[in-house]
Amino acid sequence: MFLFFLGSVLSYVFQLNNEEINLELQGIENTIYTGSFQLLKPGDASVTIRDLNSENVYFNTKLTDTTKEHFTFNLSTDDEVELVILSSGENEIRYLCDTQFDTFNKGVASKVAVKPAISTLIMFEETLSKVAKQTYEAALNIKKLREGYKRIFNFVFILSLLMTLLYLVLNYIQYLQVKKFFKQKKLI
């Protein structure tokens, strides 16, 4: 197999009514997070994504219409991330998040993409070698079988010619004996 599971996609719809949601999410080391927030109908809400340990703010926006607001950030350590959604009034917010390994990092790329790809290619090469060997052996077997059929055909053909020749010789000898017999009896 040449396909690898490198990420996942999450999608949620939050229904809020003048409330605040604080979600603490455990980040995954060497992961790129991309996604979007979108109001399903015009309203008023704000969204913030921040690191709980270092207070770094990865994303902060105010949503007022149905336009998608996209975000992207990278975690190089297993940090906890807080998602804060603050709603003014009744709002439905669609949250879409896609995660994938940070393959821009050479170490991570080697671990999650390059090494598995190389091992898959090696397995593929071994499989091709086995198929080539089996094909060669099958070709040799077909060649041997063809030579065997040719020998059997030649043997049967020569044997049938010899049998026909022997039959003709025996018939001629019988013809001569019958002719001699009739001459002795003076029938001819």
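The values are calculated or read from the model by the stated rules, or taken from the named source; none is laboratory data. These numbers come from a predicted model, not from an experiment. So basically every Cβ, Gly included, is an ideal-geometry build from the backbone, and we count neighbours across all protein chains shown.
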Considering region 73-86, residues that are modelled with pLDDT under 80 and closer than 20 Å to A45 by Cβ, and then whichever is surrounded by the most Cβ atoms within 10 Å (Cβ to Cβ), we arrive at L83
Counting only residues in region 46-72 that are part of a loop (DSSP other than H, G, I, E, B) and without any contact (Cβ under 8 Å) to a residue 24 or more places away in the chain, the one surrounded by the most Cβ atoms within 10 Å (Cβ to Cβ) is identified as N56
All conditions in (1) at pLDDT 80 or above; (2) surrounded by 13 or more Cβ atoms within 10 Å (Cβ to Cβ); (3) not assigned by TED's automatic domain parsing to the domain that holds G27 are true of K111 except (1)
Exercise. Would region 153-169 turn up any residue that is touching a residue at least 60 places away in the same chain (Cβ under 8 Å), part of a helix (DSSP H, G or I) and more than 30 Å from I49 (Cα to Cα)?
Worked result: no
Within region 15-41, residues loosely packed, with under 12 Cβ neighbours inside 10 Å and either in a loop (DSSP other than H, G, I, E, B) or over 40 Å from the mean Cα position of the chain (by Cα) (or both) come out as N17, N18, E20, N22, K41
Residues that are within 24 Å of V112 (Cα to Cα) and in a loop (DSSP other than H, G, I, E, B): does region 85-99 have at least one? no
